[in-house]
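Enquirer: One structure, pasted below without further comment.
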Amino acid sequence: MRNSFFILMTTILFVLPACKEKDPTAPSDDIEHEVITSVTLVLRDSVTSAVRTASWRDADGPGGAAPVADTLFLAAGRTYLGSILLLNESVTPTDTLNVEIEEQANQHQFFYTPTGGISSLVGIERTDRDTNTPSLPVGLQFKLRTSGGGPSTGGLGIVLSHYDGIPKTATPGPESDIDIVLVTRVQ
Amino acid sequence: MRSFVVAVVGLIMAAGSWLSAQPTATVRLTGTVRDSATSLPLDGASVFVAHARTGVLTDTEGRFVFPSLQPGRHEVVVRMMGYAEVRRTIVLAKPTQLDIFLVQVSIAVRGVTITGTVDKSGLMGSHRAISVVGADDLHRLSGQTLGETLEHLPGVTLISTGPSIMKPVIRGLHSQRIVLLNADIRQEGQQWGAEHAPEIDPFAGAGIEVVKGPASVEFGAEAIGGVVRIVPRELRRTQGHEAELHISFFSNNAQGAVSGWMEGHADVLSDVAWRLQGSARRAGDARAPAYGLANTGFSEVDGSFTIGYLFEAGEVSALLSRFSTDLGIFQGSHIGNVTDLRRAIVSSRPLVERPFSYDIRMPKQVIRHDLVTLRARSLIEGLGSLDLRLGRQENHRQEYDALRIFGQIQTRPAFDLTLTSYTADLRLMHLPVGPFTGTIGLSGTRQGNVSEGTTRLIPNFRAHNVGAFAIEEWSDDGLRVTTGVRLDWRQLDIYRPSGSAVERMAKTYANVSGAVGVQWQFDPTWSLGTNIGTAWRPPSLNELYSDGVHHGSAQYEIGDPTLGNERSGSLDVTLRHIAEMVHVDVSVFVNRIDGFIALFPTPDPTLTVRGAFPTFRYRQDDVVMHGLDGSAEWHVNTVLRLGLSGSLVRGSIVSTRLPMLFLPGDRARFIVHAKLPERWGLTGSYVEATVIGVRHQGRYPSSVDYANPPPGYVLLDLETGTHLHWGEQVVEVTLSTQNVLNTTYRDYLSRFRYFSDDPGRSFVVRVSTSWGRH
């Protein structure tokens, strides 16, 4: 009996180091980078059909190189038909993320807030609606109006709010997927 | 509310003084007698209580019992052939456990040592500041986490991440600055994270011991702040079986918990003993006084099996244990950026609420910790007692982030870390050499960490540690001097992907720890312990390599691969008084840590698509911490007992004199305990009220934290307990209420204080019983 006990113990002793162990010397590079690497506003002048764009880019995701952003130039006294384009350029081919927002429109909402010198010159009305009851704006499409006056410089705040597990409301939710500011000049 | 507390306390004191008119109760004295070199129980030793003129012989397990002695001072005399006689003066005020070690005549130089690590009175002989949670205390805390079971000890506070994740903080230090010992093997997990609770079932052992202050000589470099040791229960040395069962229920989060163990000394295989132990807990969403805390439920299942072969000169044993838990993380703490965090702080209610549920959704943690140990202990003729412990542990931590990108459910965890550690410890408790006794030891660890989640907060690494130490003790009448020194060497290899290749970085850390302790028993009831030591700690992986947003705290954290070691110099002094009616245990300490690693804000935020995140870098500064902790107990009479304990910690950065961030607020705990007379066949009944007061932390660096420390608070807990008898079977029942007044409060060290109040009132029912106990 004692012998069998010692055999058991010895077995444990030898089995112990032989247990499978993951190898740390071969790290996987299987990291999911922040999906949104660029945000672009595309504005079409309702009269002239001239197109203006302005982008915010952070090619390497959070940290590393700082993001770069264009200044958005707007003419005074115009109406623009606007849309926002979200891309993940860290993968090939580039992934257009607008599709996901359209599919999840009932849990997402964009908020556009003119600030600083343009806060009284720019008005934005979101034109697309979700299928909630009552229906709420989504904000992938919008109408941007500039009043006469200027020239003046300010910021256009863009927030994408995500309502995860809670009802979508007219105010921003507890979690922001996007929160950036584009320097904007009305002239 | 304060007047209510005063009224309750007054009422209990009045009841106590009325009850004290009852006849004087007797006190039970139990204990064991063991061989000092082998720790083996001594069968047939005679134990006399001189004053009471009564004596008994120890049984085969070395145990003795005096069921009813008069309270007061007694002289206990222990004799056995071939061993030096021992005389010991004790003061009996409550049931006491006395563990006596006899020294063989041939090697007897210093009489006797009283230890008994799970017993408060045994601490008289320690030069260290130690607090213990004994087996009885553990019964009264069943169903709670390791952190919660330690929270009532002076000098220990909690850092919490919601109601399910609690980590002990010892004198203001926690996480990678504390060593946890489970089954006497160093617990190796991802200790560095404040939201990573210890993967230990506190009910696996016979009690819990907390060493406050550095204990690096015995336990290695990380023990710069202290040690929490789950004191293992020894295997049964006599034939028979024994079992214990604890069941508890908590109303606040509708938590049910069960914990128990069985042990036996097999009849079939003589000399083989075994022990089976397990715990399970399941809880739903907790509730703050004004609202529910969505997704704060948890489930936990732990178990262990020990088997050992016991022989005259020692034992060989093996342990298999698993800890596994799923922890929900409060949904209201789930934010995307700083604006969200500010909005959550300003809001009076969490921004996400849901009806009560047991559902554990994302964000959540899924953790498993497996441990296998093999231990061999034997007396070697002419050398001493040799103890070898081998261990393999695998810590698997998965943290699921609720951060969904456009509603795509992240099926992969954000963190997925597997840490495998092999440890070997060899210790020799050598026979006296001249006037010295002591222990020399060698330990080695090999670790591999594999990171597989969608983010890489810490990289893959392979680490090798080797340590060697010696502790020697010299003692004379009433005076004991202990000195120890340890050498540690750590080789760290980091593996990071670099394009299609692997980049390897090697780092080596080596250093010395040392300590001198003096314990002076200048009176039978008074002792003074002093410990002077120096310890060090290499930087942890997150301090070296983190680079990313810490969700929940909305800060961007950047490590520094060039960080060096922390080096501490510490002094603590503990005064103990154990007399008939009064027990006092007070420690003062000062701890200077040079190169203390902490996060410091940098002026430029990190810009991301989610907004600007305040950015913190790990940096080293010299800090000085000092403080006071202690407890006092006054047995007013045989019925009424009053207790007071408290802790104070101060810490500041030497160069700037700025206070350190996140030090616990001053706190005090006042207990009124009254025994109730036997009635309706109920024995051992009592009522107890506890008032916990925590002061506002007024010392903090300004404009670093998003929200200033919350105001102080006062909580009231009430408890009553009794023993029911059904024939031979004794069932212990306790009913208690935590936070009786449903006080709304936020603790400064609650990491969710930005988002929600701490949990409110909870009614707790606990039932325990045992079988086979004599």
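The values are calculated or read from the model by the stated rules, or taken from the named source; none is laboratory data. Since this is a predicted model, take the numbers as computed values, not measurements. Cβ: placed from backbone, ideal geometry, glycine included. Neighbour counts: every protein chain shown.
Enquirer: Could you tell me which of the residues B:S540, B:S546, B:S587 is under 20 Å from B:I178 (Cβ atoms), of a type in the set (S, T, Y), buried (at least 20 other Cβ atoms within 10 Å of the Cβ) and within 14 Å of chain A (Cβ to nearest Cβ)?
Expert: The unique qualifying residue is B:S546.
Enquirer: Another one. Can you confirm whether B:V623 is over 30 Å from A:V159 (Cα atoms) and of a type outside the set (K, R)?
Expert: Answer is yes for this residue.
Enquirer: Determine which member of the set B:G434, B:G438 is exposed (fewer than 15 other Cβ atoms within 10 Å of the Cβ) and of a type in the set (G, A, S).
Expert: Of B:G434, B:G438, the one residue that is exposed (fewer than 15 other Cβ atoms within 10 Å of the Cβ) and of a type in the set (G, A, S) is B:G434.
Enquirer: Let me ask something else about it. Just for region B:424-455: of the residues that are β-branched (V, I, T) and outside any strand (DSSP E or B), which one is nearest to the other protein chains (Cβ to nearest Cβ)?
Expert: In this case the residue turns out to be B:T454.
Enquirer: Another question, if that's okay. Residue check, B:R237 against (1) assigned to a loop (DSSP other than H, G, I, E, B); (2) touching a Phe, Trp or Tyr at 6+ places or on another chain (Cβ under 8 Å), all met but one. Which one?
Expert: For B:R237, the exception is condition (2).
Yes or no, residue by residue, for (1) touching a residue at least 40 places away in the same chain (Cβ under 8 Å); (2) among the small types (G, A, S); (3) touching a Leu at 6+ places or on another chain (Cβ under 7 Å):
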{"residue": "B:R171", "(1), (2), (3)": "yes, no, no"}
{"residue": "B:L181", "(1), (2), (3)": "yes, no, no"}
{"residue": "B:Q190", "(1), (2), (3)": "yes, no, yes"}
{"residue": "B:A194", "(1), (2), (3)": "yes, yes, no"}
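Enquirer: Then there's this: Given the residues B:V518, B:V512, B:V481, which is the only one that is among the β-branched types (V, I, T), under 25 Å from B:D184 (Cβ atoms) and surrounded by fewer than 19 Cβ atoms within 10 Å (Cβ to Cβ)?
Expert: B:V512
Enquirer: Checking B:Y706 against (1) more than 18 Å from B:V765 (Cβ to Cβ); (2) free of Cβ contacts under 8 Å to residues at least 40 places away in the same chain; (3) among the hydroxyl-bearing types (S, T, Y), which test does it fail?
Expert: (2)
Enquirer: Within the group B:G207, B:G162, which residue is crowded, with 23+ Cβ neighbours inside 10 Å and touching a residue at least 12 places away in the same chain (Cβ under 8 Å)?
Expert: B:G162
Enquirer: How about region B:239-273: which of its residues are loosely packed, with under 15 Cβ neighbours inside 10 Å and either of a type in the set (V, I, T) or closer than 15 Å to B:G303 by Cβ (or both)?
Expert: B:V268, the sole residue that qualifies.
Enquirer: Still on this model: Looking at region A:110-133 only, could you name the residues that are over 12 Å from A:L144 (Cβ atoms), in contact (Cβ under 8 Å) with a residue 24 or more places away in the chain and in a loop (DSSP other than H, G, I, E, B)?
Expert: Result: A:G117, A:S119, A:S120, A:D130, A:T131, A:N132.
Here's the yes/no breakdown for (1) within 11 Å of chain B (Cβ to nearest Cβ); (2) touching a helix residue (DSSP H, G or I) at 6+ places or on another chain (Cβ under 8 Å); (3) in a strand (DSSP E or B):
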| residue | (1), (2), (3) |
| --- | --- |
| A:L43 | no, no, yes |
| A:T48 | no, no, no |
| A:R52 | no, no, yes |
| A:W56 | yes, no, yes |
| A:A66 | yes, no, no |
| A:G77 | no, no, no |
| A:G82 | no, no, yes |
| A:T92 | no, no, no |
| A:E100 | yes, no, no |
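Enquirer: Kindly indicate whether any position in region B:399-412 is within 30 Å of A:N106 (Cβ to Cβ), out of contact with any Pro (no Cβ under 9 Å at 6 or more places or on another chain) and either buried (at least 20 other Cβ atoms within 10 Å of the Cβ) or away from every other protein chain (no Cβ under 12 Å) (or both).
Expert: Scanning region B:399-412, I find at least one residue that is within 30 Å of A:N106 (Cβ to Cβ), out of contact with any Pro (no Cβ under 9 Å at 6 or more places or on another chain) and either buried (at least 20 other Cβ atoms within 10 Å of the Cβ) or away from every other protein chain (no Cβ under 12 Å) (or both), so the answer is yes.
Residues are listed down the side, and each one gets a yes or a no for (1) touching a Cys at 6+ places or on another chain (Cβ under 8 Å); (2) of a type in the set (G, A, S); (3) within 14 Å of chain B (Cβ to nearest Cβ):
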position	(1), (2), (3)
A:G117	no, yes, no
A:E125	no, no, no
A:L144	no, no, no
A:G154	no, yes, no
A:I166	no, no, yes
A:D177	no, no, yes
A:I180	no, no, yes
A:V183	no, no, yes
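Enquirer: Continuing with this model, one more query. Of B:L374, B:L390, which residue is part of a strand (DSSP E or B), at the interface with chain A (Cβ under 8 Å from one of its Cβ atoms) and free of Cβ contacts under 8 Å to residues at least 40 places away in the same chain?
Expert: None of the other options fit; the residue is B:L390.
Enquirer: Filter region A:23-38 for residues that are modelled with pLDDT of 65 or more, buried (at least 16 other Cβ atoms within 10 Å of the Cβ) and at the interface with chain B (Cβ under 7 Å from one of its Cβ atoms) and give the result.
Expert: Passing the criteria: A:P24, A:P27, A:V35, A:I36.
Enquirer: Next up: Quick one: in region A:58-82, of everything that is of a type outside the set (A, V, I, L, M, F, W, C) and buried (at least 17 other Cβ atoms within 10 Å of the Cβ), which residue is nearest to A:I118 (Cα to Cα)?
Expert: Per the stated criteria, the residue is A:R78.
Enquirer: Looking only at region B:310-324, which residues are touching a Leu at 6+ places or on another chain (Cβ under 8 Å) and hydroxyl-bearing (S, T, Y)?
Expert: Correct list: B:S317, B:S321.
Enquirer: Could you list, in sequence order, all residues of region B:735-750 that are crowded, with 20+ Cβ neighbours inside 10 Å and over 14 Å from B:A689 (Cβ atoms)?
Expert: B:Y745, B:D747, B:Y748, B:L749, B:S750 - these are the residues of region B:735-750 that are crowded, with 20+ Cβ neighbours inside 10 Å and over 14 Å from B:A689 (Cβ atoms).
Enquirer: Among the candidates B:E732, B:E678, B:E688, which residue alone is surrounded by fewer than 16 Cβ atoms within 10 Å (Cβ to Cβ) and either in the same structural domain as B:N591 (by TED's automatic domain parsing) or touching a residue at least 24 places away in the same chain (Cβ under 8 Å) (or both)?
Expert: Being surrounded by fewer than 16 Cβ atoms within 10 Å (Cβ to Cβ) and either in the same structural domain as B:N591 (by TED's automatic domain parsing) or touching a residue at least 24 places away in the same chain (Cβ under 8 Å) (or both) holds for just one of B:E732, B:E678, B:E688, which is B:E678.
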